[in-house]
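A short reminder: the numbers here are calculations on the coordinates, not readings from a lab. Note that the coordinates shown come from a computational prediction; the quantities given were computed from them, not determined experimentally. Cβ placement follows ideal geometry from the backbone for every residue including glycine, while neighbour counts extend to all protein chains displayed.
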Amino acid sequence: MNHHGTRAAGREQDPVREGKSSLHTMGRSLFWVAVLVLFLQLPAHGRGSEPSDWSCLLERCVAERRAGELAAARALLDEVYAIVVALKDSNAIGRVLVERASVLQLTGAYEGALQDLYDALRIYEDRKDRDGAATVYNAIGALHHNAGNFREAASFYGRSLAIRQVAGKADEIAILNGNLGSVLEDLGRPDSALIHHRLNLAYRLKAGEPSWVAICYANLGTCLARLGRTDSALHYLERSIAILERGSEVMLQAQTRAMIGKVELDARNYARARSHCSRGLEQAERIGALMIQKMCHECLYGAYEAQGEHGRALASLQRMILIQDSLLSTDRAKGLVMVEMNYAFERQQLADSLKRSTEKQTAELAYQMRISRERSEKRVFIVGAVFTLFLAIGLWSRLRYMHRSRNMIESERARSEKLLLNILPRTIAEELKAKGRAEAREVEMVSILFTDFHEFSVLSGRMEAQELVAEIDAYFRAFDGITRSHGLEKIKTIGDAYMCAGGLPERREGSAVDTVRAALAMQRWVDERATERERVGKSFFTMRAGIHTGGVVAGIVGDSKIQYDVWGDTVNIAARMETSSLVGRVNIGEATYELVKTHHG
């Protein structure tokens, strides 16, 4: 379920809008700044003190990518990958995979990029390399950001930031401030985004890093444009391009020109918009950067259309749609999901493999004991009474072992059953066990509840990583208890958001009332927690909540990393009800109100 998907589809049908709508489209594509911030430097963790042939080749790959020579970088990376695989150097393989993912992503090959990143993550997790894992979390977040999965992007950025804050690495924290700023902007929170971008800029100015400073200026420019401050936005964007033109990062130059053209277009300065976007398009086509080409064509379409050059406008629109379809097709989106699911359940399959190995060893031991007993029986007449005594002892030990093994198996079966019921409703779990799959079904009159903490990013910056995780855990455990006590079904948590539903998996009378009461109980708990923490001088959260009632499609999809989820307009409307809610209040839709208006308390 992703209620952002509907909004993205709307933009594809009407790519150029006036005012804030077009600024929102520009913010949607600002992920490129976050991606380029992520990949401007080669990850340094795990480098040896002495250079090697493969590391020198990898540095050449980075240079080719920075110069926009993506095809050359990709070919060279394949050569480096073959070398490090032959060396069986897992750290080197991880570094090469991360770099290759950056090149694949820049050329629009998102599925391949995500596969490389998860392969690298497996390596770093097996090595218990938290620094490497943080780098990959940030990269996966940038890829989700690119694909429009903003909440998932924020979640992965948050994982990376938690590790970086514990390690106290100021440069990586600055990178994540930039990425979080970009995703907050795309989530419609430019004021919060400005805070992160300014933190990033302060560090980059102090460190004297021109390319990073230029990127920070570009991010500030797009945020200010979304806030309607066009003159300030152009000031920062012009400062950005002035710095970049002194360097050799062609891709950054093309991206920034597209952003300037977009702001000029929204300001109705059509000639300047055409000039910047035409230059940006020329650079993007030269280096094969598809996403930047799409941005430039979108800008040129708007400018041509406004100036009455309908033929050229149509050509730009057709090219933009062609690129957009190649980047974000349905099959490609499915491919990204499958990569995610395969990674998560690969770990579960490993656990199952260990269990099967244990069972095989138990069976082998039983077989060996049976052979030993048969041989012993052939010697029974020789050994006599002494052997009979030892045989009795052996049989007693075996029975004891089998009894203990049976108890362990039953215990593991009960634990697996409990885990399955913790993930899926009982009826869905029973259907899955009986048929091997569970069909999605339409359910009417389902009440969807979303909650979200107000100014979470700002408050989380004031807490230590461990304190932040412990505090979120306390809130969500309390919400779980409230959800159970009101007969609701927890769906999932998304970063600092909590989602549950009333009337699932089967329609139930009174579920809307129970959902509203649960939301009010959650707000009361949050208020009590805030009072308690304020009394001792600690930071505390406040919360928004939104509810809408209607029909949904509920079930599980795929056969890996199964999760019970819901889809439909009801989900999207519930999310918007939460976004538009006042802090400390519960915002309900008209359909929900009609169901609960006669109930009190």
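Excluding SER102 itself, what net charge comes from residues whose Cβ is under 10 Å from its Cβ, given Lys and Arg +1 and Asp and Glu -1? Walk me through the intermediate numbers first.
Numbers: positive: ARG65, ARG100; negative: GLU99, ASP116.
That works out to 0.
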* Asked: Taking square-rooted eigenvalues a ≥ b ≥ c of the alpha carbon gyration tensor, is segment 440-596 rounded, prolate or oblate, where a/c under 1.5 means rounded and, failing that, a/b exceeding b/c means prolate?
  -> prolate
* Considering only the other residues whose Cβ falls under 12 Å of the Cβ of TYR81, what net charge follows from Lys and Arg at +1 and Asp and Glu at -1? -> -3
* Decide, for segment 250-328, between rounded, prolate and oblate: order the square roots of the alpha carbon gyration tensor eigenvalues as a ≥ b ≥ c, take rounded if a/c falls under 1.5, and otherwise choose prolate if a/b is larger than b/c, else oblate. => oblate
* Ranked highest first by the average count of other Cβ atoms within 10 Å around their residues, in what order do 588-599, 190-201 fall? -> 190-201, 588-599
* Asked: Can you pick out the pairs among LYS433/LYS490; LYS262/LYS294; LYS435/LYS561; LYS490/LYS561; LYS169/LYS206 whose Cα atoms lie more than 24 Å from each other?
  -> none
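Kindly identify segment 92-190 as rounded, prolate or oblate by the Cα gyration tensor criterion: order the square roots of the eigenvalues as a ≥ b ≥ c, call it rounded if a/c is under 1.5, otherwise compare a/b with b/c, prolate if a/b is larger, else oblate.
oblate
What order do you get for 163-169, 297-303, 280-286 when each peptide is scored by the mean count of other beta carbon atoms within 10 Å, highest first? Please list the in-between numbers first.
Details: 163-169: 16.3, 297-303: 27.4, 280-286: 19.9.
Highest to lowest by the protection proxy: 297-303, 280-286, 163-169.
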* Structure fact -> segment 71-127 and segment 206-266 have their Cα centres apart by a whole-number Å value of 30 Å
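Which order, highest average first, do 144-152, 172-180 follow once you tally other Cβ atoms within 10 Å for each residue and take the mean per peptide?
So the peptides 144-152, 172-180, ranked by packing, come out 172-180, 144-152.
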* To do: Along Cα→Cβ, 7 Å out, is where each label goes; now give me the distance between the ones at LYS597 and GLU364 in nm to one decimal.
  => 7.2 nm
